[in-house]
Amino acid sequence: MRILLVEDDPVISKNIQLFLNKRGFSIDHTQTINNANQKLSDEEYDCLILDRGLPDGDGIKLIKTLREDKIDLPILILTAKNQDNDIVEGLNYGADDYLSKPFDMNVLAARLKALIRRKDKIPQNPILKISNLVLDTNTAYVTRANKAISLSPREYALLEYLMVHKNFILDRLTLMSHVWDETLDIFSNTVDVHIKYLRSKIDQGFKKKLIKTVRGRGYMISDK
């Protein structure tokens with residue numbers, strides 16, 4: 001899942017990016033409301049993590065703009081402001097959740113998954129299954145025929161996205177947009193390379209191949 005992080009503290013933003021990247025999230029980062037507006041216009045995100053105290057104003061301004069434009073993007077506010085009236089203000093303007101600094105990274109990851117799940121980006125059931133392939137989104141534990149499969153964070157993110165959208169053809173650009181961050185060159189063969197890696201771990205040794213190439217259109221995961 002692809003996240004936009006709007007946070008001007010370099011230590012906090014770096015720690016969030018490192019932690020969430022290891023758990024299969026792709027993170028784009030900016031420090032200002034203006035830059036965030038531009039990124040939100042140019043890219044598609046699954047969730048927004050937003051600080052309130054930013055160099056060009058209160059993050060509430062960005063929430064107001066998004067909600068006035070009828071953009072139903074899940075928003076989690078991170079802030080040092082933890083008074084009840086600050087929390088109420090953020091939620092009243094359209095934020096979906098709130099974490100006060102300092103916070104636990106595991107709680108942040110769990111809140112993000114809950115927000116994305118509520119917005120129907122991922123199924124309510126945290127266990128994704130197709131044939132004898134099972135992925136637990138809570139623990140990032142993957143098995144096929146009850147045998148554990150070790151995946152890199154990016155391989156896991158790609159597999160999760162494919163399984164969330166099982167039986168649907170996903171083109172390379174869609175996969176890039178949701179599994180990788182903005183630094184990926186759209187002309188690279190990264191998607192194809194990672195699909196190859198996934199096949200070697202998911203399908204090798206099994207008669208039924210789950211990861212399929214649809215020539216000229218993209219990839220899908222299906223047991224049909």
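The values are calculated or read from the model by the stated rules, or taken from the named source; none is laboratory data. As the structure is a prediction and not an experimental result, all values here were calculated from the model. Don't worry about glycine lacking a Cβ; one is built from the backbone with ideal geometry, like all the others, and counts go over all protein chains shown.
A few remarks follow.
- Qualifying residues in region 10-55 (those that are among the basic types (Lys, Arg) and over 23 Å from residue 100 (Cβ atoms)) - the one surrounded by the most Cβ atoms within 10 Å (Cβ to Cβ): 39
- Among the residues making up region 145-189, those that are touching a residue at least 24 places away in the same chain (Cβ under 8 Å), assigned to a loop (DSSP other than H, G, I, E, B) and among the aromatic types (Phe, Trp, Tyr) are 168, 180.
- Taking every residue in region 88-113 that is surrounded by fewer than 12 Cβ atoms within 10 Å (Cβ to Cβ) and pairing it with any residue that is outside any helix (DSSP H, G or I) and of a type in the set (A, V, I, L, M, F, W, C), at least 6 positions away or on another chain, the pairs with Cβ-Cβ distances below 8 Å are 107/99.
- Of all residues making up region 26-60, the number that are assigned to a strand (DSSP E or B) and of a type in the set (D, E, K, R): 3
- Test for residue 77: is it in a strand (DSSP E or B), crowded, with 20+ Cβ neighbours inside 10 Å and modelled with pLDDT of 90 or more: yes
- Residue check for residue 174: surrounded by 16 or more Cβ atoms within 10 Å (Cβ to Cβ) and polar (S, T, N, Q): yes
- Residues (in contact with a helix residue (DSSP H, G or I) (Cβ under 9 Å, 6 or more places away or on another chain) and part of a helix (DSSP H, G or I)) located in region 1-17: 15, 16
- Residue check, residue 70 of a type outside the set (Asp, Glu), in a loop (DSSP other than H, G, I, E, B) and surrounded by fewer than 17 Cβ atoms within 10 Å (Cβ to Cβ): yes
- Residue in region 183-196 that is of a type in the set (Phe, Trp, Tyr) and either touching a strand residue (DSSP E or B) at 6+ places or on another chain (Cβ under 7 Å) or at pLDDT 90 or above (or both) present: no
- Top-ranked residue in region 190-224 [being in contact with a helix residue (DSSP H, G or I) (Cβ under 9 Å, 6 or more places away or on another chain) and part of a loop (DSSP other than H, G, I, E, B); ranked as farthest from residue 130 (Cα to Cα)]: 209
- Filter pass, residue 112 being in a helix (DSSP H, G or I), out of contact with any Asp or Glu (no Cβ under 7 Å at 6 or more places or on another chain) and at pLDDT below 95: yes
- Here 122, 63 are screened, and the one residue that is at pLDDT 90 or above, closer than 26 Å to residue 18 by Cα and not in a strand (DSSP E or B) is 63.
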